[in-house]
């Protein structure tokens with residue numbers, strides 16, 4: 001996705017690459033990247049909290065969420081941490097209804113989603129298999145065994161959808177027929193062609209925001225920060241929809 005955007009912007013000599021790093025080497029590796037010529041880095045689980053901790057400065061979003069997914073290496077040698085997951089989510093949602101929201105999950109992605117939705121003025125409730133984890137997000141916790149309430153928006157921040165699609169609604173606390181109660185359904189799982197949740201929600205008339213669109217939006221924010229250029233979103237969408 002990033003390499004496609006770099007080529008489209010004519011940024012010759014720039015490249016985006018994968019660097020697998022075990023947790024015990026993350027801090028040392030991340031600190032060394034600036035001196036090695038890197039302009040920035042995206043950080044995935046399980047490193048997002050460590051990325052925030054090592055930075056010299058953090059954006060208000062990263063500080064409030066407690067996790068960073070974007071590091072920028074400045075000319076003065078300092079490291080800036082940001083969280084583009086939260087604003088990327090809201091850009092992807094756009095004008096779709098979200099005054100009330102139900103968030104599924106309580107991990108790092110859910111923290112970003114809850115923060116972003118609350119900042120946008122939404123009333124947010126969270127469901128998680130472990131209610132204690134959900135309570136740490138500081139919003140209303142939904143009972144594990146009860147039905148989910150109606151809301152403008154349903155946002156899946158669990159990993160359900162990564163595995164066997166036929167098991168999606170056995171693992172989530174709702175049935176496909178319950179999706180008509182949500183005007184907007186967001187699934188942060190990345191799956192070309194859409195997840196089972198996305199497909200079922202679309203069949204029932206909901207506005208659907210897929211994880212790939214959120215991925216593009218948050219990636220575009222990193223791209224702007226590092227390059228100072230506006231990325232071609234259509235090129236980025238094509239790259240994630242049809243990977244090499």
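What to note about this one:
- Taking the criterion of being in a helix (DSSP H, G or I) and touching a strand residue (DSSP E or B) at 6+ places or on another chain (Cβ under 8 Å), the residues of region 150-189 that qualify are 179, 181.
- Yes/no for residue 61 being in a loop (DSSP other than H, G, I, E, B), closer than 16 Å to residue 219 by Cβ and either in contact with a strand residue (DSSP E or B) (Cβ under 8 Å, 6 or more places away or on another chain) or modelled with pLDDT of 95 or more (or both): no
- Under the condition of being surrounded by fewer than 24 Cβ atoms within 10 Å (Cβ to Cβ) and either in the same structural domain as residue 190 (by TED's automatic domain parsing) or within 19 Å of residue 16 (Cβ to Cβ) (or both), the residues counted in region 75-86 number 2.
- When residue 37 is tested against the conditions (1) outside the structural domain of residue 155 (by TED's automatic domain parsing); (2) assigned to a loop (DSSP other than H, G, I, E, B); (3) touching a residue at least 24 places away in the same chain (Cβ under 8 Å), the lone failure is (3).
- Output for region 15-37, where each listed residue is touching a helix residue (DSSP H, G or I) at 6+ places or on another chain (Cβ under 9 Å) and under 21 Å from residue 76 (Cβ atoms): 27, 30, 31
- Filtered by the rule that a residue be at pLDDT 95 or above and assigned to a loop (DSSP other than H, G, I, E, B), region 19-34 gives 33, 34.
- Residue identified as surrounded by 21 or more Cβ atoms within 10 Å (Cβ to Cβ) and at pLDDT 90 or above among 197, 174: 197
- Yes/no for residue 18 being surrounded by 13 or more Cβ atoms within 10 Å (Cβ to Cβ) and more than 30 Å from residue 118 (Cβ to Cβ): no
- Here region 44-54 is the region considered, the condition is being within 20 Å of the chain's Cα centre (by Cα) and surrounded by fewer than 21 Cβ atoms within 10 Å (Cβ to Cβ), and the residue that is modelled with the lowest pLDDT is 45.
Residue-by-condition table, conditions (1) buried (at least 20 other Cβ atoms within 10 Å of the Cβ); (2) under 23 Å from residue 166 (Cα atoms); (3) not assigned by TED's automatic domain parsing to the domain that holds residue 91:
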position: 202; (1), (2), (3): no, yes, no
position: 206; (1), (2), (3): yes, yes, no
position: 218; (1), (2), (3): yes, no, yes
position: 227; (1), (2), (3): no, no, yes
position: 241; (1), (2), (3): no, yes, yes
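- Checking the stated criteria, residue 186 turns out to be modelled with pLDDT of 95 or more, in contact with a helix residue (DSSP H, G or I) (Cβ under 9 Å, 6 or more places away or on another chain) and surrounded by 23 or more Cβ atoms within 10 Å (Cβ to Cβ).
- Considering region 114-138, and only residues there that are under 20 Å from residue 171 (Cβ atoms) and either in the same structural domain as residue 64 (by TED's automatic domain parsing) or touching a helix residue (DSSP H, G or I) at 6+ places or on another chain (Cβ under 6 Å) (or both), the residue that is surrounded by the most Cβ atoms within 10 Å (Cβ to Cβ) turns out to be 126.
- Some residue of region 133-145 being under 18 Å from the mean Cα position of the chain (by Cα) and either in a loop (DSSP other than H, G, I, E, B) or on the phi < 0 side of the Ramachandran plot (or both): yes
- Flag if residue 97 is in a loop (DSSP other than H, G, I, E, B), in contact (Cβ under 8 Å) with a residue 60 or more places away in the chain and over 18 Å from the mean Cα position of the chain (by Cα): yes
The values are calculated or read from the model by the stated rules, or taken from the named source; none is laboratory data. Just so we're clear, the structure is a prediction, and the values are computed from it rather than from any experiment. For neighbour counting, all protein chains shown are included, and Cβ atoms are generated from backbone atoms with ideal geometry for every residue, glycine included.
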